[in-house]
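Working notes, structure below.
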Amino acid sequence: MVYVRHGVFGWNKRNAPILRSINVNIPSGSLVAVVGQVGCGKSTLLSSLLGETEKLDGNVYVDGTVAYVSQQAWIQNATVRDNILFSSAHDSARYEHVIDACALKQDLEILPAGDLTEIGERVQKNYYACYVLYRLLMRVHF
């Protein structure tokens, strides 16, 4: 659960607030996308929810796990499985659930060693965001 009431946030207390009158109520288990024009405060809002900005006023309550996907997608020079699990423990049932939810089974069958195939610089940049999504889904309940 994420709850913000009358939130006012800034990068420091000396300068004017960047975000004002923020009210958010996200129930536990929700999957939320923050969208908007360039420069409208999406990243600052998420940074504020993660405690990376100064809360100048209001109430903020975060209960449970929050997963964040940055604007810069990236992958490691490692196996497909390692790029999906990243630092998560290997929970076979959860891993299979993510593979099924993302329709990855067919893709993995094509690879020489399945999910143990080494990837990295050989993967096209437009696939980086997919791996970020897979990692995200390993961390949240859906």
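As a footprinting exposure proxy, order 130, 102 by other Cβ within 10 Å, with the fewest listed first. Could the numbers behind the result be given before it?
Values: 130 17, 102 14.
So the ranking, lowest neighbour count to highest, is 102, 130.
Taking neighbour counts of Cβ atoms within 10 Å as a proxy for exposure, in what order, fewest first, do 38, 98, 80, 140 appear? Could you put the intermediate results ahead of the total?
Working: 38 5, 98 20, 80 23, 140 13.
Placing the least packed residue first, the sequence is 38, 140, 98, 80.
Scan the chain and report its longest stretch carrying no GluC sites (Glu not before Pro) that are both in a DSSP loop and have at most 13 other Cβ atoms within 10 Å.
Details: sites that count: 52, 121.
Free of exposed loop sites, the longest segment is 53-120.
Taking the chain on its own, what percent of its Cα-Cα pair distances exceed 28 Å? Mind showing how you got there, number by number?
Numbers: 3300 of 10011 pairs.
Percent of Cα pairs beyond 28 Å in the chain: 33.
Using amide H atoms built 1.01 Å from N in the peptide plane, name the residues 5+ places from residue 57, or on other chains, whose amide H lies under 5 Å from its own.
Amide H neighbours of residue 57: 8.
Taking neighbour Cβ counts within 10 Å as the exposure measure, how do 44, 117 sort from fewest upward? Don't skip to the answer; put the middle values down first.
Working: 44 18, 117 14.
Starting with the residue having the fewest Cβ neighbours, the order is 117, 44.
Hey, what did the chain get for relative contact order, percent, Cα under 8 Å, at least 6 apart? Spell out each step's value before the answer.
Details: 181 pairs, mean separation 37.6, N = 142.
Relative contact order, the chain: 26 percent.
Based on the Cβ-Cβ distance of residue 66 and residue 124, what FRET efficiency does E = 1/(1 + (r/R0)^6) give at R0 = 35 Å, to the nearest 0.05?
Efficiency, rounded to the nearest 0.05: 0.75.
Per the Debye formula with a single identical scatterer at each Cα and no solvent contribution, what log10 I(q)/I(0) holds for region 78-139 at q = 0.15, 0.30 Å⁻¹?
-0.40, -1.65
Quick note: the coordinates plus some simple rules give every number you see, no bench work behind them. None of these values were measured; they are calculated from a predicted model. For neighbour counting, all protein chains shown are included, and Cβ atoms are generated from backbone atoms with ideal geometry for every residue, glycine included.
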